[in-house]
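See structure below.
Taken together, the values in this text are just the output of simple stated rules run on the coordinates, not laboratory data. If you're wondering where the values come from, they're calculated on a predicted model, not measured in any experiment. Every residue, glycine among them, receives a Cβ derived from its backbone with ideal geometry; neighbour counts consider all protein chains shown.
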Amino acid sequence: MPKTKARFSFRRDAFLYLLLLLPVVYFVLFRYVPMYGVTIAFKDFNIFSGIWASDWNGWAQFQEIFSTREFYQVVRNTLVLNVLDLVVGFPFPLFLALVINEVRSRRYKKTVQTLIYLPHFLSWVIVGGLVLQVLAPDKGLVNIVLKSLGMAQIDFLTNGPHWVATYVAVGIWQSAGWGTILFLAAMTGISPELYEAAEVDGASRWQRIWKITVPSLTPVIVLLFVLQVGRLTSISFDRPFILGNPLVNDYAQVISTYVYDVGLKSMRFNIATAVGLFQSLVGLVLLLLTNWMAERNGQEGIYK
Amino acid sequence: MTRSLPDRLFDATVAFIATVAVLLCVVPILNVVAVSLSSNSALLGSKVTLWPVEFTLQSYAALWSDKSMIWSLVYTSGMTLLHTGVAMALSVFAAYALSKKRLRGRTALMTMIVVTMYFGGGLIPDYLLIRDLKMLDTVWALVLPGAISVFNLIVLKSFFTNLPDSFEESAVMDGANDVQILLRIVLPLSLPILATISLFYAVSRWNGFMDALFYINSPALYPIQLKLYQIVVNSTALDVVVNEGAGGGSMNLPESIKAAAVVFASVPIILVYPWLQKHFVKGTLIGGIKG
């Protein structure tokens, strides 16, 4: 019997291949055909003759991109926003998870978790709607409160540096609560005996957090940190696009929104594709590098 | 045994920080609800914080009278269901077949699939493909391109791989064919994970905005997020309200109507939230551990 297992039998597995038919068509059509489409970054693309028939023109697009000031600004903005997300944003979920873990009442703990996960489920358009309302210059909640405290109004969304701070803060608002779940799951894996032994030895709760909980979480912290470093050059579209506005373009225009502007709004398809390709290649190298580092550190890499 | 003073202080601090975090999450939402229920004069006077001032349902009435908002909700629900159905069928097909270790070409296929997680064409090649397929400005541009998420596929596949073989083996003994095994044995055993993955697909479709912005032009085909974006950021997309409600020829929509639109568009997610949250936590932990 075990021998038949190794042998190839189309008849036996015909059903499985039938099941794979549509998924394979899907991957070829929607994932691999666009990879071929990337070649327009190296072509004098003419929308009427199509990708295949357009003439190659080598590095012309890349030369053009690298000679514009705008490109460097966009790359700089992308890196600045991502680094701030990492440096400022990263500690919040960890801190929140440590706090939640210390809440004594189970019921209250559940309630807190349910409510702080909520922003994660709201789309960026909805979050954008909340932000525009709450941070509005005159009638927004925050400025009403600031004024009632006798303080000056803050232009959260129309002043460049303020916008950057708002972008980072809104990111924390939206994701810090949800970010606690991996830490909390890791905490449930810590042996209660460790805490009991520490208590017997007279360790305060503060000491127990620093000497037991945090060290036990180190592998998870390192892994999540490294993964986020791997994504430093790639930026989502929705958040900067929805929070951004023309007044803060010098700070808010990032690679993803730039590709949209150049490509779909100005219809310069080959230039936009070249920018996108540049980003995904740099991103790929960084991702593989950090993944390799994570694996070398004895952590499980992403997706094996 | 009574607890010591430092211990109780510690508990109080913890409870305080947790409460502040909760308030920070909830207050913006309460503020927008209050704004949506307040009169315009109260808003102009900067009086509205967490409680409606000069309570009125006018904004909701205006939204309700503009059939395009209701239509968008109905249309987006249908589109989300269609997408989830297609996505689940394709994902289950692929994951089940690829979970069989005896399958020839399994490793090569998995490699081909995982590669797409790291590298893709990008916005413009994707756009040109959708255009060449004549899918621009059709519901298919939103239903098909995201039909298989590799992450979801991997989670499903490892679930199927871990199902004990004995169930299938005994079904074969009883003379069940391949289709019967999948439908009557494997899928019923996988209901919880199927529910979780369906929700992953449904929520990301419901909240999806970017692809609609790229591919959809006709206002009649705007999914709810694009519709809401036009209302909130561009102050457009509500013909009836702009003509009737704003008055004075103002081009800007009243804040209360924008706020009502935000609340309106959030209701479906909030309604299913308690249930959603439970499944998402479970699914993310499975994925996080696998991943």
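Things to note:
- Where labels lie 7 Å past Cα in the beta-carbon direction, separation of A:T111 and A:L22 in nm: 4.6 nm
- Folded to 0 to 90 degrees: helix B:255-290 orientation relative to chain B principal axis, Cα: 30 degrees
- Taking a ≥ b ≥ c as the square roots of the eigenvalues of the alpha carbon gyration tensor, the stretch A:124-208 is prolate, as a/c is not under 1.5 and a/b beats b/c.
- Over the C-alpha trace of the protein assembly as shown, radius of gyration and Dmax come out as 26.3, 84 angstrom.
- At q = 0.13, 0.31 Å⁻¹, base-10 log of I(q)/I(0) for the stretch B:1-56 (Debye sum, equal scatterers on each alpha carbon): -0.50, -1.06
- Rounded tilt (10° steps) of B:123-132 against the dominant C-alpha axis of chain B: 80 degrees
- Difference of contour (0.36 nm per residue) and Cα-Cα distance, B:D132 to B:E169: 8.7 nm
- Ranked packing of B:155-165, A:251-261, most packed first, by mean Cβ within 10 Å: A:251-261, B:155-165
- In angstrom, the C-alpha Rg and Dmax of the stretch A:61-296 are 21.4, 70.
- Cα gyration tensor, the stretch A:202-304 - rounded (a/c under 1.5), prolate or oblate: oblate
- As a rough guide to protection, the peptides A:202-208, A:264-270, A:162-168 ranked by mean Cβ packing within 10 Å, highest first, stand as A:162-168, A:264-270, A:202-208.
- Across chain B, C-alpha contacts under 8 Å between residues 6 or more apart give a mean separation that, scaled by the residue count, equals a relative contact order of 28 percent.
- The stretch A:225-271 - percent relative contact order, Cα under 8 Å, separation 6 or more: 28 percent
- Using the Cβ-Cβ distance between A:I190 and B:K278 with R0 set to 35 Å, the FRET efficiency works out to roughly 0.90.
- Relative counts (whole %) of C-alpha pair distances in the stretch B:63-290, using bins that are 5 Å wide: 1, 6, 12, 14, 15, 14, 12, 10, 6, 5, 3, 2, 1, 0, 0, 0
- The stretch B:166-172 - phi-based ³J(HN,Hα) in whole Hz, Karplus 6.51/-1.76/1.60, Gly and Pro as x: 4, 4, 5, 4, 5, 5, 4
- Multiplying the residue separation of B:S65 and B:T111 by 0.36 nm and subtracting their alpha-carbon distance yields 11.3 nm.
- Each Cα pair under 8 Å and six or more residues apart adds its separation to the average, and for chain A the resulting relative contact order is 24 percent.
- Relative to the longest principal axis of the Cα atoms of chain B, helix B:67-98 runs at roughly 20 degrees.
- Peptide-level mean, for B:224-235, of C-beta atoms on other protein chains within 10 Å: 4
- Cβ-Cβ FRET estimate between B:N162 and B:S218, R0 fixed at 51 Å, reported to 0.05: 0.65
- Distance from the stretch B:120-192 to the stretch A:137-159 (C-alpha centre basis), Å: 50 Å
- Helix-only arithmetic for chain A: the sum of -39500 (n - 2.57) across DSSP H runs with n ≥ 4, divided by the residue total, places the mean residue ellipticity at 222 nm at -19000 deg cm²/dmol.
- Shielding by partners - mean other protein chain Cβ count within 10 Å, residues of B:88-100: 4
- Label positions at A:R231 and A:M267, each projected 7 Å from the Cα along the C-beta direction, are separated by 3.5 nm.
- Distance between the modelled labels on A:W56 and A:F95, one decimal in nanometres: 5.4 nm (7 Å Cα→Cβ projection).
- Taking every full run of DSSP H in chain A, the ones that stretch at least 20 Å from end to end by Cα along their long axis and average 1.6 or higher on the Kyte-Doolittle scale are A:214-230.
- For the segment B:10-16, counting C-beta atoms of other chains within 10 Å of every residue's C-beta and taking the mean gives 4.
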